[in-house]
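What follows is one structure encoded as structure tokens, with my remarks underneath.
The values are calculated or read from the model by the stated rules, or taken from the named source; none is laboratory data. As the structure is a computational prediction, the values presented were derived from the model and not from experiment. Every residue, glycine as well, gets a Cβ built from its backbone with ideal geometry; the counts of neighbours run over all protein chains shown. Surface areas here come from the heavy atoms of the whole protein model, side chains and all, with no ligands, DNA or RNA. Shrake-Rupley method; radii C 1.70, N 1.55, O 1.52, S 1.80 Å.
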Amino acid sequence: MKKSYKIVAIVAVAAVIAAGGFFMVYRSSIGPVSSESNQITFNVAENTAPNTILDQLQEQGVIKSSFFSRLLMRQKNLSNIKAGVYILDSSWSSEEVLAYINDASNAESDEVLLTIPEGLWSKDIAAKIEELTNVSAQECLDLWNDEAFLREMIERYEFLDESILNDAYHVKLEGYLYPNSYFIYRNTDAREVTLRLLDGFDTVYQSLKADIEASDYTVHELVTFASVVQFESGNPEDMPIIASVFTNRFKAGMKMESSVTVCYALYDEFKNFQDCETNPDIESPYNTYLYEGLPVGPVNNPSIDALKAVLHPADTDYYYFISDVYGDHQLIPAKTYEEHLANVEKYLK
């Protein structure tokens, strides 16, 4: 009996110690990230799950631990988080942060943060706008194809011309909705949002204007070329090499033969990169396996890095490249077709 009591006592003491240790870790993990004030702008998107918001708060350095903050959120009943843009501080505890974003009156006016990743298709940008505002995706797409509006924009922005009025385009402003982060009003209209995005492109255009004018490209050709480079790789270090490959192919009288232009030609039917590799014969003015030169228009909305890469391609004698899609996505260029086939066999089979 004494032995049994000793075992029970030991287990009880161990449980108390473990509970005490857990409590100490818990208290530390829901404390402030920093003792010094550091304000952080944080966007709570509509219909985002509370647990996802906690993960985002941890990623942005607002809280220490999303795991322990979940326990706190349930304990304190602080899961009714309101959408909006908040100015938070890393010197606040998790409880202070959660209490703050549970109160919609703490949101910064009626603004939300629209973040457009580089290389996104316009229809996906429209979907993001719909998620954050009262404007539907279809309203955006209709406006971006409206000839009267587009002619007004051509008059307003020097980087636009009648090249964008091509009826073959899926979205006529494709390429010019510049990828960046923008504060926009939740209650707005498609025109106002579009002007913000075009203003974003104009800022980049003005910074590159001298180089563009010194190049052999029109603005529309540059944006079209850059969109292909962007689609081929989101890595800025690879972009000048990719641009050099296509530049070398053009100089040699070769077709561009970029599989990403097939992706865009597929458009609504596009699911993954394998679709692009297996449909090189699809009839479309975007398909650079069938038609010489650049695709008929931009195939996404490229970054400044892609634009710079086309303006200043690397000096290479490469004519082919692949990306190690099954590995680390390393760019693997080749000088000859035989070398290219060997790379395909090694990395893509």
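Only one residue in N279, N300, N287 is surrounded by 15 or more Cβ atoms within 10 Å (Cβ to Cβ) and closer than 24 Å to F201 by Cα. Which one?
Values: N279 fails: closer than 24 Å to F201 by Cα; N287 fails: closer than 24 Å to F201 by Cα.
After applying the criteria, what remains is N300.
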Go through segment 219-230 and give me each residue that's open to solvent by 10 Å² or more (accessible area, probe 1.4 Å) and either farther than 30 Å from V135 by Cα or modelled with pLDDT under 95 (or both).
E221
Given the structure, is N43 modelled with pLDDT under 90, within 22 Å of D110 (Cα to Cα), of a type outside the set (S, T, Y) and open to solvent by 60 Å² or more (accessible area, probe 1.4 Å)?
no
Can you pull out every residue in segment 146-177 that is touching a residue at least 60 places away in the same chain (Cβ under 8 Å), crowded, with 21+ Cβ neighbours inside 10 Å and farther than 18 Å from T218 by Cβ?
L177
Is there any pair with a first residue in segment 55-74 that is within 12 Å of S94 (Cβ to Cβ) and a second that is part of a helix (DSSP H, G or I) and among the small types (G, A, S) whose Cβ atoms are under 6 Å apart and which are 6 or more apart or on different chains, and what are they?
Q58/S66; I63/S69; I63/S94; K64/S29; S65/S29; F68/S29; S69/S94; L72/S94
The condition from (1) more than 30 Å from S29 (Cα to Cα); (2) at pLDDT 95 or above that L132 misses is numbered (2)
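Are any residues in segment 46-73 in a loop (DSSP other than H, G, I, E, B), open to solvent by 60 Å² or more (accessible area, probe 1.4 Å) and farther than 21 Å from E108 by Cβ, and if so, which ones? Before the answer, list the steps.
Pass one, segment 46-73, residues in a loop (DSSP other than H, G, I, E, B): 46-49, 60-65.
If we keep only those that are open to solvent by 60 Å² or more (accessible area, probe 1.4 Å) too, we end up with 46-47, 60, 64.
Within segment 46-73, just K64 meets the criteria.
Can you name every residue in segment 129-156 that is of a type in the set (V, I, T) and part of a helix (DSSP H, G or I)? Show your work before the answer.
So the first thing to find is which residues in segment 129-156 are of a type in the set (V, I, T), and the list is 129, 133, 135, 154.
Passing the criteria: I129, I154.
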State the number of residues belonging to segment 84-124 that are surrounded by 19 or more Cβ atoms within 10 Å (Cβ to Cβ) and among the small types (G, A, S).
6
Within the set of pairs 6+ apart or on separate chains, which have a first residue in segment 327-346 that is under 17 Å from S233 (Cα atoms) and of a type in the set (S, T, N, Q), a second that is surrounded by 13 or more Cβ atoms within 10 Å (Cβ to Cβ) and modelled with pLDDT under 90, and C-beta atoms under 7 Å apart?
Q330/D324
Among the residues listed as D238, D216, the single one being among the acidic types (D, E), touching a strand residue (DSSP E or B) at 6+ places or on another chain (Cβ under 7 Å) and open to solvent by 20 Å² or more (accessible area, probe 1.4 Å):
D238
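Identify, from the list A126, A99, the residue that is assigned to a helix (DSSP H, G or I) and more than 29 Å from D167 (Cα to Cα). Even if it seems obvious, please write down each step before you answer.
On the way: A126 fails: more than 29 Å from D167 (Cα to Cα).
None of the others qualify; the one that does is A99.
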What tally of residues in segment 183-200 results from selecting those that are in contact with a Lys or Arg (Cβ under 9 Å, 6 or more places away or on another chain) and modelled with pLDDT of 95 or more?
2
Going by the conditions given, is D317 among the charged types (D, E, K, R), under 24 Å from G200 (Cβ atoms) and open to solvent by 20 Å² or more (accessible area, probe 1.4 Å)?
no
Residue that is of a type in the set (K, R) and either over 19 Å from the mean Cα position of the chain (by Cα) or modelled with pLDDT of 95 or more (or both), where the choices are K271, K308
K308
Of the residues in segment 126-154, those that are under 18 Å from A83 (Cα atoms) and in contact with a Ser or Thr (Cβ under 9 Å, 6 or more places away or on another chain) come to K128, I129, E130, T133, N134, V135
